[in-house]
Amino acid sequence: MNEVPEASEGIEMVPVGYVENDYLEPVYNEEVYSKVSKIVLKKEFTDGLYRIEDFEKLYILFYFSKSKGYKLIHRRHYDGEISGVFASRSPYRPNGIGLTIVELLKVEGNVLHVKGLDAINGTPVLDIKPYIKETEEKDEEATD
C-alpha cells in the first residue's frame, strides 16, 4: 500500500493577475456565463501570454478569496440537490480553488477579455491554461 506523506510545509501561490467585472457578490445563474470579464495580469507575467490567441478557450484557475470556511455536505446551487463539496461547484471548499473554461475574446497587452468567467471582481487568478479540444476528447476516450 502506498502511503501519502503528510505535508510538512504549506503551499504558497502568487496570483498572476486579477478579475475585473461588475460582479461584487457570487452569482448563481446562467447569466454570468454570457458576460464579459477582464483578467488583468501583473506586468511581469505579460510575456506568458505569447501566442495565447492560438486558443479559443482557456482554463482559468482562481482563488475564492472572499469565501470563508467550508461544509463537506451542502445543497448545490445549480440543482438544489444535497451533495459533497467535491461533487459541486461551491466556492466554500477546503482549498478555495475555482476552475472555469472561458472563451477568449481578445488580448490587449496584459489584459485578457473573456466570456463566461464565474468569478467576482477582484478575484485572484492563480493560473491560465489553454483548453485544447483534441486533448480533452482523448482524455475522455481513455476513461470510457
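Assorted remarks:
- Shown in residue order for the range 76-87 are the 3J(HN,Hα) couplings computed by the Karplus curve 6.51 cos²θ - 1.76 cosθ + 1.60 at θ = phi - 60°: 6, 6, 7, 9, x, 7, 7, 7, x, 4, 7, 10 Hz (x for Gly and Pro).
- GNM flexibility winner over the chain from LYS115, LYS42, LYS57 (Cα, springs under 10 Å): LYS42
- Listed values (1) 1.28; (2) 1.03; (3) 1.15, entry calculated as Cα Rg over 2.2 N^0.38 Å: (3)
- Subtracting the Cα-Cα distance of LYS42 and GLU30 from 0.36 nm times their residue separation leaves 1.4 nm of extension gain.
- Given charges at beta-carbon only (K, R positive; D, E negative), |dipole| of the chain in Debye: 660 debye
- Dividing the mean sequence gap of close Cα pairs (under 8 Å, 6+ apart) by how many residues the chain holds gives a relative contact order of 37 percent.
- Here's how it looks for ILE97: its modeled amide H is under 5 Å from those of PHE64, which are all 5 or more places away or on a different chain.
- The angle between the Cα long axis of helix 133-143 and the main principal axis of the chain comes to about 20°, on a 0 to 90 degree scale.
- Pairwise FRET efficiency - LEU105 versus GLU134, Cβ, R0 = 22 Å, nearest 0.05: 0.50
- Sum of side-chain charges, ILE97 neighbourhood, beta-carbon under 15 Å (Lys, Arg +1; Asp, Glu -1): +2
- Summed over all non-identical Cα pairs, the Kirkwood treatment of the range 27-93 gives a radius of 15.0 Å.
- Stretching the chain fully between ILE52 and ILE82 yields a gain of 7.0 nm (0.36 nm per residue, less the alpha carbon separation).
Rule-based calculations on the coordinates, nothing more; no lab input. Just so we're clear, the structure is a prediction, and the values are computed from it rather than from any experiment. Reconstructed Cβ throughout: ideal geometry from the backbone, glycine too, with neighbour counts over all protein chains shown.
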